[in-house]
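Trainee: Pasting a structure here, questions to come.
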Amino acid sequence: MSQRSARNDAAGEASSARGRAPGSGAHQIVSKGPTDEAARTSPQREQASVQEYFDRFAAAMTSGDIKAMKKLWGVPAFVIGTCEARVVQSEDEVEAFFGGKKDLYNAEGIVETRAEITHLDWVGADLVIATVRWPYLDKNDRVLGEESSSYTLLRGEDGSFKVRSITMRGASNDPTASSDSDASEHKDGTDGE
């Protein structure tokens, strides 16, 4: 037996004790049963964490809490709709984007909203696109209209989501209109008249 094979045999015995093939860099994978990590990332828990994010978003929006709103954004971010496209590059721009929105909604009798998630598309473990319907609610909890947007959320190292892009799908003043399609509007943007 040569010195080289003797060394490899000795290394192999030591490596086998650690669960690795000699020189391979591979390691033994130990199958674990359900763990806290598995429970934390269940589909129901993940959907609940996205809903919690949008509940905080709604509370910040309707209360005018710009400081809380800024914490929900990752910058740079992008906002696009049929009438605008803008890059949000700083927390100051988040403040400028949402400053005064509460007063504008209140002037129309809208004092509350709630996030109704209509679709979740998990792009990866930490990246999700959520389509959300926002009903416009008056002081008597009556629906005055709605708007819908899609949000790309990225989970950071701290485990919290931040919005990185918003596609604004538009508003409807008809509380019976569906957020997915509006029969009174044609694909060309006209009302057919």
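The values are calculated or read from the model by the stated rules, or taken from the named source; none is laboratory data. Quantities reported herein were computed from a predicted structural model and do not represent experimental measurements. SASA here: full protein model, heavy atoms, side chains in, ligands and nucleic acids out. Shrake-Rupley method; radii C 1.70, N 1.55, O 1.52, S 1.80 Å.
Trainee: For segment 43-149, which whole-number percentage of the solvent-accessible area (1.4 Å probe, protein heavy atoms only) is attributable to carbon and sulfur atoms?
Mentor: Values: 3000 of 5860 Å².
Percent of accessible area from carbon and sulfur atoms in segment 43-149: 51.
Trainee: Another question, if that's okay. Which whole-Hz couplings ³J(HN,Hα) result when phi for each residue of segment 54-61 is put into the Karplus expression 6.51 cos²θ - 1.76 cosθ + 1.60, θ = phi - 60°, listed in order with x for Gly and Pro?
Mentor: Whole-Hz 3J(HN,Hα) from phi for segment 54-61: 6, 5, 5, 4, 4, 4, 5, 5.
Trainee: Give the shape of segment 111-160 as rounded, prolate or oblate, defined through the alpha-carbon gyration tensor: a ≥ b ≥ c are the square roots of its eigenvalues, a/c under 1.5 means rounded, and otherwise the shape is prolate if a/b is larger than b/c and oblate if not.
Mentor: prolate
Trainee: Could I ask something else about it? Could you state the accessible area per residue of segment 68-151 in Å², with a 1.4 Å probe and every protein chain left in place?
Mentor: Details: 4490 Å² over 84 residues.
I get 53 Å² per residue for segment 68-151.
Trainee: Starting from the amide H of Tyr136, placed 1.01 Å from N in the peptide plane, find each other amide H under 5 Å away whose residue is 5 or more places distant or on another chain.
Mentor: Leu144, Gly145, Glu146, Glu147
Trainee: With a ≥ b ≥ c the root eigenvalues of the C-alpha gyration tensor of segment 48-120, is it rounded (a/c under 1.5), prolate (a/b larger than b/c) or oblate?
Mentor: Taking the square roots of the gyration eigenvalues as a ≥ b ≥ c, segment 48-120 is rounded.
Trainee: Quick one: ranking Leu104, Leu137 by accessible area, 1.4 Å probe, largest first, what do you get?
Mentor: Sorted descending by solvent-accessible area, the residues read Leu104, Leu137.
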